[in-house]
């Protein structure tokens, strides 16, 4: 089987999903990146189906997204994705969103783990299909991203308590990684509706959330920490740079 080390997906920005600026919002961008990652993995023997046959599934651990500009409605763009590192527990996957002038208008990095479907514990990535992931590593310095910053916790009273709804749950029957971002961004709604822009976003996922789990949203400036309201344990932390 021929190896495709760079996944490429061409899309046209759907105007119906743009925000009031006429551009694709951060959540749209992340969905496009993750879709490209899924297609690239699926075409190279380490996708959802192959992992399920091994009793494993991919989970997103961390992600950083850096925006030069947001694509406009009906604008054709290309998502490119590739594996830039593989360790025993985490693999790093990078992205570039490229416009018609061949300029990268968004770059991103992400870290993934493979968990056992029964134990929900991380497994050794180097054991997957005889270490096949190592064969896909490439470096693309022209799309280098900043080192992801550490995200502090938020020690404050919750601004809201939220229970997962049907539309929040994904194929793994847990809270969708996109929905954390969407709900967090909504806490800045007034600011973003009046012209402010999210320039970058860093997110760290610490625990899964399942239907019925009460989620406490704690906020300090442009930092959001979502906690299990019953235990106080961190579920995820998101840091935005907003201009």
Q) Mind checking whether some residue in the stretch 165-176 is outside the structural domain of residue 48 (by TED's automatic domain parsing), more than 18 Å from residue 239 (Cβ to Cβ), out of contact with any helix residue (DSSP H, G or I) (no Cβ under 6 Å at 6 or more places or on another chain) and assigned to a strand (DSSP E or B)? A) yes
Q) Looking at 220, 227, which is the one that is in contact with a strand residue (DSSP E or B) (Cβ under 7 Å, 6 or more places away or on another chain) and either outside the structural domain of residue 166 (by TED's automatic domain parsing) or touching a residue at least 24 places away in the same chain (Cβ under 8 Å) (or both)? A) 227
(Q) I'd like the full set of residues that are surrounded by fewer than 19 Cβ atoms within 10 Å (Cβ to Cβ) and either touching a strand residue (DSSP E or B) at 6+ places or on another chain (Cβ under 8 Å) or under 27 Å from residue 112 (Cβ atoms) (or both), limited to the stretch 184-200. (A) 186, 187, 188, 191, 196, 197, 199
Q: Answer yes or no as to whether residue 180 is surrounded by 17 or more Cβ atoms within 10 Å (Cβ to Cβ), in the same structural domain as residue 49 (by TED's automatic domain parsing) and touching a strand residue (DSSP E or B) at 6+ places or on another chain (Cβ under 6 Å).
A: no
Q: Only residues that are surrounded by 12 or more Cβ atoms within 10 Å (Cβ to Cβ), under 23 Å from the mean Cα position of the chain (by Cα) and assigned to a loop (DSSP other than H, G, I, E, B): list them for the stretch 131-143, please.
A: 140
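The values are calculated or read from the model by the stated rules, or taken from the named source; none is laboratory data. Remember, predicted model here, so these are calculated numbers, not experimental data. Please note: Cβ atoms are built from the backbone with ideal geometry, for glycine as well, and neighbour counts cover all protein chains shown.
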